[in-house]
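The values are calculated or read from the model by the stated rules, or taken from the named source; none is laboratory data. Values in this document were obtained by computation on a predicted structure and should not be read as measured data. FYI the Cβ positions are ideal-geometry reconstructions off the backbone, even for glycines, and counts take in every protein chain you see.
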Amino acid sequence: MGRGFNLLELTIIIAILSILLLMAVPSFDGIMSRVKMKRLASELNSFLVQAKSEAVTRNKKLYVHFSFNTDNSISNGSWYIQLTDSASSTGNQLLYFSGAPFNKIEISHSYNPAYITFDQVRGRPNGGTIEFFSVTDTVNRLKAVMANPPGRIKVCATSGAAYGYPSCS
């Protein structure tokens, strides 16, 4: 008797493995969505803290501009946020945050006009929020909250703890 698999046994094993993999794909999609949300929350918070630090370091009022307006929300990853030294988005760009890696995460903000200001003395941002959620899970939403005073930037969940972040309330 020969060692190894014959063609029929190999075909059956491949068919069974294919079925098992097809059953596991939806759970991988959920995992990837959660990882994207956590990553966006972390990177967005870091970007805003860096903008705050830059304003104090440069002793200059700085502006974080959104590529989309208050009444729009975007989920295709075509958005960006940039830090400039001018109220106009055409000012000298100091930092850039691309939304390209965050496709299928819907993002919106409460700033009108579409920028955040950071003062030069303490780096305090003007108050407002940036809210985002996965298009596959519209219940669990996160938001970055800028509070003035005291100038604190925090990320929290809008309806109970989610993605490892505490509730906003």
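Brief remarks follow.
- Some residue of the stretch 50-70 being out of contact with any Lys or Arg (no Cβ under 8 Å at 6 or more places or on another chain) and at positive phi: yes
- Filtered by the rule that a residue be in contact with a helix residue (DSSP H, G or I) (Cβ under 9 Å, 6 or more places away or on another chain) and farther than 19 Å from residue 110 by Cβ, the stretch 63-95 gives 77, 78, 85, 94, 95.
- Selection of the stretch 116-129 for residues being surrounded by fewer than 22 Cβ atoms within 10 Å (Cβ to Cβ) and either within 17 Å of the chain's Cα centre (by Cα) or aromatic (Phe, Trp, Tyr) (or both) yields 128, 129.
- Applying the set (1) in contact with a Leu (Cβ under 6 Å, 6 or more places away or on another chain); (2) touching a residue at least 60 places away in the same chain (Cβ under 8 Å); (3) under 28 Å from residue 26 (Cα atoms) to residue 134 leaves exactly one unmet item: (1).
- Answer residue from the stretch 34-85, given it is of a type in the set (Phe, Trp, Tyr) and touching a residue at least 40 places away in the same chain (Cβ under 8 Å) and is surrounded by the fewest Cβ atoms within 10 Å (Cβ to Cβ) among those: 68
- Residue within the stretch 64-74 that is in contact with an Asp or Glu (Cβ under 8 Å, 6 or more places away or on another chain) and not aliphatic (A, V, I, L, M) present: yes
- Residue satisfying all of: in the stretch 95-142; outside any strand (DSSP E or B) and among the polar types (S, T, N, Q); nearest to residue 154 (Cα to Cα) among these: 126
- Flag if residue 18 is under 17 Å from residue 163 (Cα atoms) and in a helix (DSSP H, G or I): no
- Applying the condition of being hydroxyl-bearing (Ser, Thr, Tyr) and modelled with pLDDT of 95 or more to the stretch 87-100 and asking which residue is surrounded by the fewest Cβ atoms within 10 Å (Cβ to Cβ) yields 96.
- For the stretch 31-74, filtering for residues that are of a type outside the set (Lys, Arg) and assigned to a helix (DSSP H, G or I) leaves 22.
- Checking the stated criteria, residue 160 turns out to be assigned to a loop (DSSP other than H, G, I, E, B) and farther than 21 Å from residue 51 by Cα.
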